[in-house]
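Each value in this text was obtained by applying a stated rule to the coordinates, not by laboratory testing. Quick caveat: nothing in here was measured; it's all calculated off a predicted structure. All Cβ positions, even for glycine, are placed from backbone atoms using ideal geometry, and neighbour counts span all protein chains on display.
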Amino acid sequence: MNGAIAVAVLQLALAAFFLPSALLKLAGHAHMRREFERFSYPYSVARLAGAIELVAAPCLIAGLWHPPLAVLGALLLIPVMIGATITNFVKRPPEFGWGTLLILLLCVVPVWLHRQALAGWVGAL
């Protein structure tokens, strides 16, 4: 698999992961409510994360044609995943933290691989 296909698959996989997560948070799904309650976070934090994920997932998909959008989507997800990683390492057994850390690192990949496209896009502004 060449690099372009691999990054496209990654972007689609991230979008497929974050879109349902966003919808569950925004809908106030019982599982999401229990998790945020267990972490002692107000549910507004879940709604904010869900809103960010809802914007980021389509950006990752649109980034297949316009790479700077993939960068934008990934950059939106990175702070969400930093929060999720810290929360999971601090408030759950470590294996949960390692999973969210992996997802965080995967969110960095489109930013790194599309950095030249982003530089050209920013330079055009």
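Things worth noting here:
- Protection proxy ranking of 47-60, 26-39, 101-114 - average other beta-carbon atoms within 10 Å, highest first: 47-60, 101-114, 26-39
- Charged side chains reduced to their Cβ positions (Lys and Arg at +1, Asp and Glu at -1) give the chain a dipole of some 240 debye around its Cα centre.
- Full extension of the chain between Ile78 and Leu64 yields a length gain of 3.2 nm, computed as 0.36 nm times the residue separation minus the alpha carbon distance.
- Cα gyration tensor shape for segment 10-93, rounded if a/c is under 1.5, else prolate or oblate: prolate
- By the beta-carbon count within 10 Å of each Cβ, the least crowded to most crowded order of Lys25, Lys91, fewest first, is Lys91, Lys25.
- Furthest towards positive pole of dipole, Leu10, Leu48, Gly63, structure part segment 3-124, Cβ charges: Leu48
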